[in-house]
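To keep things clear, I will list the structure first and then write my remarks on it.
The values are calculated or read from the model by the stated rules, or taken from the named source; none is laboratory data. What you are looking at is a predicted structure, and each value in this text was computed from that prediction instead of being measured. Note that we place each Cβ from the backbone using ideal geometry, even for glycine, and neighbour counts take in every protein chain shown.
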Amino acid sequence: MKICGFTIIKNAVINQYPVIEAIKSLLPIVDEMLVLAGDSDDATNQLITEIGSDKIKLHHSVWDKSITIGGSVLAVETNKAFDLISDSYDWVFYIQADEVVHQQDYTAILAAAEKYKNDHSIDGLLFKFMQFYATYDYIGDSRRWYHHEVRILKNNKKIRSYRDAQGFRKNNGEKLLVKPVDAYIYHYGWVKSPQQIITKQRNISQYWADATDNRSFDSEEFDFSEIDSLELFKGTHPEVMKERIAAMNWNIKLDISKKKFTIKDKLLYWVEKITGKRLFSFKNYKLV
C-alpha cells in the first residue's frame, strides 16, 4: 500500500499557518509528501525546505488573482497538486496548512486505508474534526463548524476539490462514497492572537470577494467572544504542535457557559449533544 500526502500553501509566515506541523504530522504515514507552494511574499519556500525530509517534493504555482469568488482558488490549487501525484499511489492524503494529525491516530488511519485499499466502491475515508478557537484550550462545538470531512482519497483524478477546498466531489458533481476512520483532524485556523486573526482575514479576503460573514475585521483586534458556543478541550495536542503551543504569547479567557443560539439552533445543538447526530447538515459525502 502506497500513500502520497499533499497540501497547498501560500504566505505561511505572514499568516502564521502551522504548515510545518501539518506536513510533519503526515510524514510518518506517507511514502511521499507533495507540497504545492504558491507565489508567496515571505519565506514560505525556505520553511518547507528546512524540514529536511527526502519524502517532501516541493512544487511551485502562481495563484490566479482573478479568482475571487467563494475561495474557489483554493480548490483550483488543490486540484493542481492532486494532478501532480503519480498514479502509482493507492491513496492520497490531503491536509490543509492549518490542519494537523495526532500521532495517536496513525494506527487507525493505516488500518482503515489497508482495509479499503482494494474496495473499488469506496472513494475515500472520513475524518472527525476538532475545531480549535482563540487558544489551544477551546473548541467550537456548534453547527457553524463542520465536524466531519474527507481527507484520504483514492488516487482517482476524477475526484475534484469542491468549492473552497473544504471537501471533494466527483467531477460530475456526485458525492463521494466513504467509510469513517476513527481519527481526528485538528484544525487550528482560528487559533491566533486577536491582532493576527485580523491580519490573516484581511490577507485572504481577496479570495472571498462575495463573503457574507458578519464578523467584523475592520478593528485592530478581533473579539473572540462573538462565538456562539465553545467547550473546553480535554485531550492532548499532536506532538508536532508542542513548540508552537509553548510559544503562544496571548492570553484569552472565554465563558463557555454562554450560548448564543436561535431557538432552532439551540434545539438542534441539544439533539446533537444527546444523540451524537447532526441533523440537516451539509455533507460532501455519503457514508456507506
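Scanning the range 251-270 for residues being of a type in the set (Val, Ile, Thr) and assigned to a helix (DSSP H, G or I) gives a total of 1.
For the range 232-277, the set of residues classified as free of Cβ contacts under 8 Å to residues at least 12 places away in the same chain, among the aliphatic types (A, V, I, L, M) and surrounded by 11 or more Cβ atoms within 10 Å (Cβ to Cβ) consists of 267, 271, listed by residue number. Of everything in the range 72-109 that's in a helix (DSSP H, G or I) and among the small types (Gly, Ala, Ser), which residue is farthest from residue 159 (Cα to Cα)? Within the range 72-109, the match that is farthest from residue 159 (Cα to Cα) is 108. Within the option set 144, 151, being under 16 Å from the mean Cα position of the chain (by Cα), surrounded by fewer than 16 Cβ atoms within 10 Å (Cβ to Cβ) and not hydroxyl-bearing (Ser, Thr, Tyr) holds for one residue only, 144. Taking residue 193, is it of a type in the set (S, T, N, Q), closer than 24 Å to residue 259 by Cα and over 20 Å from the mean Cα position of the chain (by Cα)? It is false that residue 193 is of a type in the set (S, T, N, Q), closer than 24 Å to residue 259 by Cα and over 20 Å from the mean Cα position of the chain (by Cα). If the condition is being closer than 14 Å to residue 98 by Cβ and either touching a Pro at 6+ places or on another chain (Cβ under 9 Å) or not in a strand (DSSP E or B) (or both), then the range 135-151 contributes 145, 146.
Scan the range 205-215 and tell me whether some residue there is at pLDDT below 95, in contact with an Asp or Glu (Cβ under 7 Å, 6 or more places away or on another chain) and loosely packed, with under 13 Cβ neighbours inside 10 Å. Yes, the range 205-215 contains at least one residue that is at pLDDT below 95, in contact with an Asp or Glu (Cβ under 7 Å, 6 or more places away or on another chain) and loosely packed, with under 13 Cβ neighbours inside 10 Å. Has the range 242-255 got at least one residue that is modelled with pLDDT of 95 or more, of a type in the set (Lys, Arg), within 30 Å of residue 27 (Cα to Cα) and out of contact with any Ser or Thr (no Cβ under 8 Å at 6 or more places or on another chain)? Taking every residue of the range 242-255 in turn, at least one turns out to be modelled with pLDDT of 95 or more, of a type in the set (Lys, Arg), within 30 Å of residue 27 (Cα to Cα) and out of contact with any Ser or Thr (no Cβ under 8 Å at 6 or more places or on another chain).
If I filter the range 238-250 for residues that are within 30 Å of residue 125 (Cα to Cα) and either assigned to a strand (DSSP E or B) or of a type in the set (Asp, Glu) (or both), do I get at least one hit? Looking through the range 238-250, at least one residue is within 30 Å of residue 125 (Cα to Cα) and either assigned to a strand (DSSP E or B) or of a type in the set (Asp, Glu) (or both). Among the conditions (1) touching a Ser or Thr at 6+ places or on another chain (Cβ under 8 Å); (2) not in a loop (DSSP other than H, G, I, E, B), the only one that residue 45 does not satisfy is (1). Scanning the range 182-203 for residues that are assigned to a strand (DSSP E or B) and farther than 18 Å from residue 138 by Cα turns up 182, 183. Restricting attention to the range 102-141, the residues that are under 12 Å from residue 182 (Cα atoms), within 17 Å of the chain's Cα centre (by Cα) and aliphatic (A, V, I, L, M) add up to 3. Scanning the range 2-42 for residues that are in a strand (DSSP E or B) and surrounded by fewer than 16 Cβ atoms within 10 Å (Cβ to Cβ) gives no hits.
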